[in-house]
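> Submitted below is the structure of interest, expressed as structure tokens.
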Amino acid sequence: MDRLLQRMRNPLCLAMMLTSAATAPETEPRRWQTEAARVTITRDDWGIPHIHGRSDADAVFGMSYAQAEDDFARVEANYLTALGRTAEADGEEAVWADLRQRLFVDPADLRAQYAASPAWLRALMDAWADGLNYYLATHSGMKPRVITRFEPWMALSFTEGSIGGDIERISLSDLKTFYGQPTPPTPEERGAIPREPSGSNGIAIAPKLTRDGHALLLINPHTSFYFRSEAQVSSDEGLNAYGASTWGQFFVYQGFNAHAGWMHTSSTVDNVDEFAEAVSQRGGNWIYRYGRELRPVTAGRVTIRFRNSDGSMGERRFTTWRTHHGPIVAAKDGRWIATALMWRPILALEQSWLRTKATDLAAYLKIAERRANSSNDTLFADDKGEIAFLMPQFMPVRDDRFDYTRPVDGSDPTTDWRGLHALSTLPSVINPRVGWAHNTNDWPWSAAGPDSPKARDYPRYMDQVGGNARGEHANLLLTGKRGWTPERLRAAAHDPYLPAFARLVPGLVSAWQSLPTTDPRRRALAEPIAALSRWDYRWSYDSIATSLAVFWGDQLWRDVGSFAQAERMNVPDYIATRVDAATRLAALEAATARLSRDFGTWRTPWRMINRFQRLDDALQPHFDDARPSTAVPFTSAQWGSLASFGAKAWPGTKRYYGTSGNSFVAVVDFGPRVKASAVMAGGQSGNPASPHFADQIDRYATGRLRPVYFHTDELAGHVERRYHPGSNYGSGL
């Protein structure tokens, strides 16, 4: 390996090897080498890349190369999802998710949109593809599952930070049924299985409430683990962004630059709508009614390739349908269902990139005028002392008489989208007098305490989910508090209070107290009830009450989750208002029995149950109780924990293992010189042989953030290696 590494560092040998690459035109190797020479990657002592290029495009080249070094498998997997090609790797069952994607993502259309993109954006997409292809050319041992060559237009398939994004709201069971494979709803779709809320926390605090007079920003995305990489990306053209980027994307999705920071949280707005189309056949063709018109339903053809068990490739061909509202994804009550959502690839990619260079709120809002952000609320702060809570800017104007949380009558023209809302008409918050703003994937009506927008002033579709326990928690922590420091904000982000249980447990205790003295449950549950009665509703490593409460809550979720979903309520609210005493007590009996069965006693401390484990580089999670793991004290966000750890028992395990929740946490101080600290789940590298595969686990579990080396002098003394792309082949780090 050392001899090979020496050969690879020889420019002549490297050029010969690149020129011989079968998949690359003869002129590409020289271009790649030229680009690589303009890029420097500096890895710090956490393995995090600090990438610098002469131009923005050079920096993008280096960023895509560094991501591939750290976890090419996840880069490729994200583009298999985005392009609707996962079945080519995973087999026929993935055909349906690919079909769902391909109803919107047409490679021919993306090629045309690439050609129509502004020159500056094409240059970034070109550099993105070049960086990935250069990585593959210089790492012959890396065998992609499907994508052996990346094309620049592919970047337009994945323009927001959440893989799948709005498209994943479409039910796969309904899609399968419509397109020829009758499939009942899954337990997850029915709400019968506990499912960790997806989303994030963001908090912005104005200078008047901070000790040092600087704005502060909490960046705390809740995603699946190992979903994003961390990096600093800078250029001689003024780019200098730091933060979390989803594998395969060339922009910092949640992060900051020298002057401003942005944190995205999943929004509760309704801007993905279903239209029930009145269809019929005429002359062998499908038509649909729209007002007094009869319009043709447009037919399309989609071919999905899939891998057979023997490695050969098969194909499924579909005739797809669409109306002017969007593609047909289901049939309900005799009507075909068309889904309308945002699909503006060029504008979305422009907005995602340009906002990383915005240095104040005015610049950020000017970029937002593209109105190509559909799923993200934003918490913003800058070194001018400005803070803001912003709603998604893609917001269709609709007739508020209709309930868009359910399919609306597509034959009625008054249900149609009527353009987009102007930014000034959205329920955002700019520099609130209260001095803080937050969002926890809850409604905007509590984003800034008394300065929050008022629901009565806006259409119903501006919020279709309501509040949640994390929002209640954030309000408690922020209201009336002053003297904030980065450390106090970090501590608040890990505050152990669980407001959902503070609301629910007293009702359980009352149910037990109301039992007749002769009821055998009084004696059987006396000690668990006593433990819960003494509890302060705060998670901790050694808390037995946390174990009891979580197992009780999870049991109730399984019992009533589908009913809560049918009534469009979150589970804690449903338990509090709709579940009777007998059901609550029965769930506690089941919880204590399960704890005793799985752990030997119901008196099991939370640390023995709730664990973090990263065994290997598999894309799909799997766990083993017999192998080492790390205790994590925080719980599911469902119960109001701001620090989220979405964990459950897995096949073959009794312990709970987390796979989502706090995936990246950063606190940013916008003083005269920006400073930050951060931590991520696991580590930067996806390579089990790397020292950075799991080197952040202990800090993650204890909430101890590490310093971010944003400035050159901060990085000094913390450099692990510095190199140009292509010059470190075989390092394995």
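> Considering segment 504-518 alone, what residues qualify as being surrounded by 13 or more Cβ atoms within 10 Å (Cβ to Cβ) and not in a helix (DSSP H, G or I)?
Scanning segment 504-518 gives a single hit, Leu515.
> So how many residues does segment 619-668 have that are farther than 19 Å from Ala500 by Cα, modelled with pLDDT of 95 or more and more than 16 Å from the chain's Cα centre (by Cα)?
22
> Scan Ser55, Ser117 and give me the residue that is in contact with a helix residue (DSSP H, G or I) (Cβ under 9 Å, 6 or more places away or on another chain), closer than 30 Å to Thr323 by Cβ and of a type in the set (S, T, N, Q).
Ser117
> Are any residues in segment 662-707 among the hydrophobic types (A, V, I, L, M, F, W, C), in contact with a Ser or Thr (Cβ under 6 Å, 6 or more places away or on another chain), open to solvent by 10 Å² or more (accessible area, probe 1.4 Å) and assigned to a loop (DSSP other than H, G, I, E, B), and if so, which ones?
Phe693, Leu705
> Pull up segment 384-426, narrow it to residues that are farther than 29 Å from His324 by Cα and within 27 Å of the chain's Cα centre (by Cα), then point me to the one that is most open to solvent (accessible area, probe 1.4 Å). Spell out the reasoning first.
Filtering segment 384-426 down to residues farther than 29 Å from His324 by Cα leaves 384-390.
So of that shortlist, the ones also within 27 Å of the chain's Cα centre (by Cα) come out as 386-390.
Working: Glu386: 45, Ile387: 1, Ala388: 0, Phe389: 1, Leu390: 7 Å².
It comes out as Glu386.
> Still on this structure, I have one more. When you check Glu527 against the structure, is it in a helix (DSSP H, G or I), open to solvent by 30 Å² or more (accessible area, probe 1.4 Å) and closer than 30 Å to Arg211 by Cα, yes or no?
No, not satisfied.
> Here's a follow-up. Of everything in segment 557-584, what is closer than 20 Å to Glu527 by Cα and either buried (at least 21 other Cβ atoms within 10 Å of the Cβ) or within 32 Å of the chain's Cα centre (by Cα) (or both)? Give them in sequence order.
Of everything in segment 557-584, just one residue is closer than 20 Å to Glu527 by Cα and either buried (at least 21 other Cβ atoms within 10 Å of the Cβ) or within 32 Å of the chain's Cα centre (by Cα) (or both), namely Arg584.
> Related question: Could you tell me whether segment 44-60 includes any residue that is surrounded by fewer than 20 Cβ atoms within 10 Å (Cβ to Cβ) and of a type in the set (A, V, I, L, M)?
So far as segment 44-60 goes, no, none of its residues is surrounded by fewer than 20 Cβ atoms within 10 Å (Cβ to Cβ) and of a type in the set (A, V, I, L, M).
> Determine, yes or no, whether Gln113 is modelled with pLDDT of 95 or more, over 23 Å from the mean Cα position of the chain (by Cα), part of a helix (DSSP H, G or I) and among the polar types (S, T, N, Q).
yes
> Also: Test Thr359 against the criterion of being touching a strand residue (DSSP E or B) at 6+ places or on another chain (Cβ under 9 Å), open to solvent by 50 Å² or more (accessible area, probe 1.4 Å) and more than 19 Å from Thr265 (Cα to Cα), and give yes or no.
On the way: touching a strand residue (DSSP E or B) at 6+ places or on another chain (Cβ under 9 Å): yes; open to solvent by 50 Å² or more (accessible area, probe 1.4 Å): yes; more than 19 Å from Thr265 (Cα to Cα): yes.
Taking the combined requirement at face value, the residue satisfies it.
> Considering segment 617-632 alone, what residues qualify as being open to solvent by 10 Å² or more (accessible area, probe 1.4 Å), in contact (Cβ under 8 Å) with a residue 24 or more places away in the chain and in a loop (DSSP other than H, G, I, E, B)?
Asp617, Leu619, Pro621, His622, Phe623, Asp624, Asp625, Ser629
> In segment 360-419, which residues are assigned to a loop (DSSP other than H, G, I, E, B) and of a type in the set (Val, Ile, Thr)?
Step one: filter segment 360-419 for residues assigned to a loop (DSSP other than H, G, I, E, B), giving 360, 369-375, 383-386, 391-395, 397-407, 410-412, 416-419.
Answer for segment 360-419, where residues must be assigned to a loop (DSSP other than H, G, I, E, B) and of a type in the set (Val, Ile, Thr): Val397, Thr405.
> Mind checking which pairs have a first residue in segment 476-503 that is closer than 18 Å to Ala637 by Cα and open to solvent by 30 Å² or more (accessible area, probe 1.4 Å) and a second that is of a type in the set (Val, Ile, Thr) and outside any helix (DSSP H, G or I), Cβ under 6 Å, 6 or more apart or different chains?
Arg490/Val667
> Residues that are of a type outside the set (Val, Ile, Thr), assigned to a helix (DSSP H, G or I), at pLDDT 95 or above and under 28 Å from Trp321 (Cβ atoms): does segment 120-138 have at least one?
Within segment 120-138, none of the residues are of a type outside the set (Val, Ile, Thr), assigned to a helix (DSSP H, G or I), at pLDDT 95 or above and under 28 Å from Trp321 (Cβ atoms).
> Further question: Output the residues belonging to segment 434-464 that are aromatic (Phe, Trp, Tyr), closer than 23 Å to Arg418 by Cα and open to solvent by less than 20 Å² (accessible area, probe 1.4 Å).
The one that is aromatic (Phe, Trp, Tyr), closer than 23 Å to Arg418 by Cα and open to solvent by less than 20 Å² (accessible area, probe 1.4 Å): Tyr461.
> Which of the residues belonging to segment 588-606 are among the hydroxyl-bearing types (Ser, Thr, Tyr) and in contact with a helix residue (DSSP H, G or I) (Cβ under 6 Å, 6 or more places away or on another chain)?
Once the filter is applied, which keeps residues that are among the hydroxyl-bearing types (Ser, Thr, Tyr) and in contact with a helix residue (DSSP H, G or I) (Cβ under 6 Å, 6 or more places away or on another chain), segment 588-606 yields Thr592, Thr604.
> Let me ask something additional. Only one residue in Ile219, Ile287 is open to solvent by less than 40 Å² (accessible area, probe 1.4 Å), out of contact with any Phe, Trp or Tyr (no Cβ under 8 Å at 6 or more places or on another chain) and either more than 30 Å from Asp617 (Cα to Cα) or in a strand (DSSP E or B) (or both), so which one is that? Break it down into steps so the answer makes sense when it comes.
Values: Ile219 fails: out of contact with any Phe, Trp or Tyr (no Cβ under 8 Å at 6 or more places or on another chain).
Answer to the check: Ile287.
> Same structure again: Only one of Thr659, Thr635, Thr583, Thr592 is in a loop (DSSP other than H, G, I, E, B) and hydroxyl-bearing (Ser, Thr, Tyr); which? Spell out the reasoning first.
Working: Thr659 fails: in a loop (DSSP other than H, G, I, E, B); Thr583 fails: in a loop (DSSP other than H, G, I, E, B); Thr592 fails: in a loop (DSSP other than H, G, I, E, B).
The match here is Thr635.
The values are calculated or read from the model by the stated rules, or taken from the named source; none is laboratory data. None of these values were measured; they are calculated from a predicted model. Cβ: placed from backbone, ideal geometry, glycine included. Neighbour counts: every protein chain shown. Note: accessible area is taken over every heavy atom of the protein model, side chains too, but ligands, DNA and RNA are not part of it. Shrake-Rupley method; radii C 1.70, N 1.55, O 1.52, S 1.80 Å.
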